[in-house]
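Nothing in this text is a laboratory measurement; each read-out follows from the coordinates by a stated rule. Please read these numbers as outputs of a predicted model, since none were measured by experiment. Positions of Cβ are generated from backbone atoms using ideal geometry, with glycine treated the same way; all protein chains shown enter the neighbour counts.
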Amino acid sequence: MRRDADGTIRRAPETRPRLDILPPDISLLTWLGLLAAIFAAGMLRGFTGFGFALAAVPLASLALPPAQVVPAMVFMQVAIGARDWVKERRLADRFSVPRLVVGCALGTPLGVAVLAFLPGPIMRLVVGGVVLLAVFATWHGPGQPRPRQTWFALVCGLASGVFNGLSAMGGPPAVLYFLAVEPDRNITRSSLMFYFPLAAALALPGNFLAGLVHPSTLVMAAAGFPAMLAGCWIGGIAFRHVGGGSYRAVAALCLLTTAAAAIARGGAGLL
């Protein structure tokens, strides 16, 4: 109730709390661009076994702050893990994957803590730098495989965890590890597809604790998941047809393009 100047008593307008279900200030064109980025990243993942977040986060960050994009990508990677854990379990490297997961569990909280406080432009530059590292790892991996060693898997898993929490892109250290120890591209692909949903699951609690998960995050993940599945399906078909011969070249070219876009946007934000 409130009293006017003439003494009339009026009922105050009722206010209700607003629940932001959709991310704010996203146009239809932006939504279409996000879905296209997720679809393209899914094709890369289906072909190489990695690269979904490496491609999707830089592309989606052109339209939205990384702190909004990263948690949605984490949810999508966890969701697709139910399929991949069944489909890829026979070829996945049973020595390496558990050790990578242990290292990732140690490094992920540190990456999440940095994500919660890093400004958007700096974050885009970091994302672009991470992708460039992935390109280097993919294109210049060691020619001769090295022996599998627990300490090497743990160190690569730790680095993967830091990148995983920071940008949902734990790929570069894990890719470098498998390029170093595994000459069979089928085993590498299956192992990475088995590992990354586990790494994404480790990042979920930190994202919740850092206050990065909102209703709009779940809407974005649910809307993007069908596009991710479709892209992974097409990428998998492409791998079965052209496979190992173009594995590194395709991955490197796609990732280099997304890295350049993220670094350009981050640099422009600092000017």
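Observations, loosely collected:
- Footprinting exposure proxy for 35, 28, 176 (fewest neighbouring C-beta atoms within 10 Å first): 28, 35, 176
- Kirkwood hydrodynamic radius (C-alpha pairs) into Stokes-Einstein, the stretch 29-270, 25 °C and 0.890 mPa s, D in µm²/s: 143
- 3J(HN,Hα) couplings calculated from phi for the stretch 127-133 with the Karplus curve 6.51 cos²θ - 1.76 cosθ + 1.60 (θ = phi - 60°) are, in sequence order, 4, x, x, 4, 5, 4, 4 Hz; Gly and Pro show x.
- Stokes-Einstein D for the stretch 33-150, Kirkwood Rh over Cα pairs, 20 °C, 1.002 mPa s (µm²/s): 134
- Extension gain, residue 148 to residue 260, is 37.0 nm, computed as 0.36 nm per intervening residue step minus the present C-alpha separation.
- Selection of trypsin sites (Lys or Arg not before Pro), the stretch 46-114, meeting DSSP coil and at most 13 other Cβ within 10 Å: 89, 90, 94
- Computed FRET value (nearest 0.05) for residue 113 with residue 241, which takes r as the C-beta separation and R₀ as 51 Å: 0.75
- Environment charge of residue 57, counting only residues whose C-beta is closer than 13 Å and scoring Lys/Arg +1, Asp/Glu -1: +3
- Pair residue 209, residue 186: separation of 7 Å Cα→Cβ label points (nm): 4.1
- Cα gyration tensor category, rounded, prolate or oblate, for the stretch 150-271 with a/c compared to 1.5: rounded
- Cβ-defined net charge surrounding residue 93, 13 Å radius [Lys, Arg +1; Asp, Glu -1]: +4
- Derived scalar couplings ³J(HN,Hα) [the stretch 187-203; Karplus, 6.51 cos²θ - 1.76 cosθ + 1.60; whole Hz; x for Gly, Pro]: 5, 4, 4, 5, 5, 5, 5, 7, 6, 5, x, 5, 5, 5, 4, 5, 7
- Amide H contacts under 5 Å for residue 169: 164, restricted to partners 5 or more places along the chain or on a different chain, H placed in the peptide plane at 1.01 Å from N.
- Phi-derived couplings, Karplus 6.51 cos²θ - 1.76 cosθ + 1.60 at θ = phi - 60°, listed residue by residue for the stretch 40-52: 5, 5, x, 4, 4, 5, x, 7, 9, x, 9, x, 4 Hz, with x used for Gly and Pro.
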